[in-house]
1. Please specify each residue of the stretch 195-216 satisfying the condition of being out of contact with any helix residue (DSSP H, G or I) (no Cβ under 7 Å at 6 or more places or on another chain), within 18 Å of Tyr254 (Cβ to Cβ) and buried (at least 16 other Cβ atoms within 10 Å of the Cβ).
2. Among the candidates Ser146, Ser106, single out the residue that is touching a Gly at 6+ places or on another chain (Cβ under 8 Å), hydroxyl-bearing (Ser, Thr, Tyr) and either closer than 20 Å to Pro77 by Cα or not assigned by TED's automatic domain parsing to the domain that holds Ile190 (or both).
3. Regarding Gly175, is this residue at pLDDT 90 or above, outside the structural domain of Leu15 (by TED's automatic domain parsing), buried (at least 21 other Cβ atoms within 10 Å of the Cβ) and not acidic (Asp, Glu)?
4. Which members of the stretch 1-55 meet the condition of being touching a Ser or Thr at 6+ places or on another chain (Cβ under 6 Å) and modelled with pLDDT of 90 or more?
5. Search the stretch 64-107 for residues being more than 26 Å from the chain's Cα centre (by Cα) and among the hydroxyl-bearing types (Ser, Thr, Tyr), and hand back the single one that is surrounded by the most Cβ atoms within 10 Å (Cβ to Cβ).
6. On the given criteria, is Gly202 within 27 Å of Ala66 (Cβ to Cβ), not assigned by TED's automatic domain parsing to the domain that holds Gly23 and not hydrophobic (A, V, I, L, M, F, W, C)?
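The values are calculated or read from the model by the stated rules, or taken from the named source; none is laboratory data. On a predicted model such as this, the values are computed, not experimentally measured, just so you know. Here the Cβ positions follow ideal geometry from the backbone for every residue, glycine too, while neighbour counts run over all protein chains shown.
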Amino acid sequence: MGKRILTAIFALPALLFAVIAGGEWGTALVVAFASLVGVYEFVQLSKDSNTRLELIFAPLWGALVAASFLLSSEAAPLAACAAGGAFFLVARASVAGLGQNTLQSSFRVFAGWLYVPLSLGFAVTVRGYGWEPVIFLLAIVMVSDSAAYFTGITLGRHRLAPSISPKKSIEGSVGGFVGAVAAGYFLPEILKLPHGPLASMGIAALINVAAQVGDLGESALKRGAGIKDSGTIFPGHGGMLDRVDSFIPTFPIYAFILTLIGAKP
């Protein structure tokens, strides 16, 4: 517990400073670092991903994909993925020859870019609408996580997805949902958001469902790989993927919502 608290004390203020004071560039730096570590953890989930090309090139190019959201939230990241995928396939085939391992390696690398930087990079897009929407999303996820935890340990009786995450309960899931919606109602009064309380409640509900799916999805990856944590970069908290799993589906969804409602950057 001590390591968890100490990590949060240092990590959270640094994150908030980068997002609020650093603007889109600071946010891009954060997601580029998260992508660098996250893609490395992702490719390591597979036991045959021990090639130097995969373990070095994939994370570095993943950071570039995330940073490219500064140029465009659509064309630049997709172009970076396409170019990187073609380059990696040719390089991998040149080194190891054509075969099933080369195809699997290429698919794994491309999946890592899709899963991490192409998702987290939308945090830069959201930051383009101001720092308040980013804080709104972070707050919704953190409040719902806390509500789910305390509801789960006090009322949890029925398992939500025992084959994926045995400790999660339906009661905790509902508690997290209620906490997210409640936070969605109050936060517009605190933050300058482009959507009012009622709309924020609906957005918070959608964010909560997506965050829970993201959490379960990352748990499925780890269980399939036979590991408990994706890494050890955060003492007491596990790896990068363990920390960003809820944000992988939520940032793209929220960016799309802000586009739909016509929020002005």
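1. Result: Val209, Asp215.
2. The conditions single out Ser106.
3. Yes.
4. Val19, Glu41, Val43
5. Checking each candidate, the answer is Thr102.
6. In short, no.
This table checks each residue for (1) in the same structural domain as Val141 (by TED's automatic domain parsing); (2) out of contact with any Phe, Trp or Tyr (no Cβ under 6 Å at 6 or more places or on another chain); (3) among the charged types (D, E, K, R); (4) outside any helix (DSSP H, G or I).
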| position | (1), (2), (3), (4) |
| --- | --- |
| Ala183 | yes, yes, no, no |
| Phe186 | yes, yes, no, no |
| His195 | yes, yes, no, yes |
| Leu206 | yes, yes, no, no |
| Ala210 | yes, yes, no, no |
| Lys222 | yes, yes, yes, no |
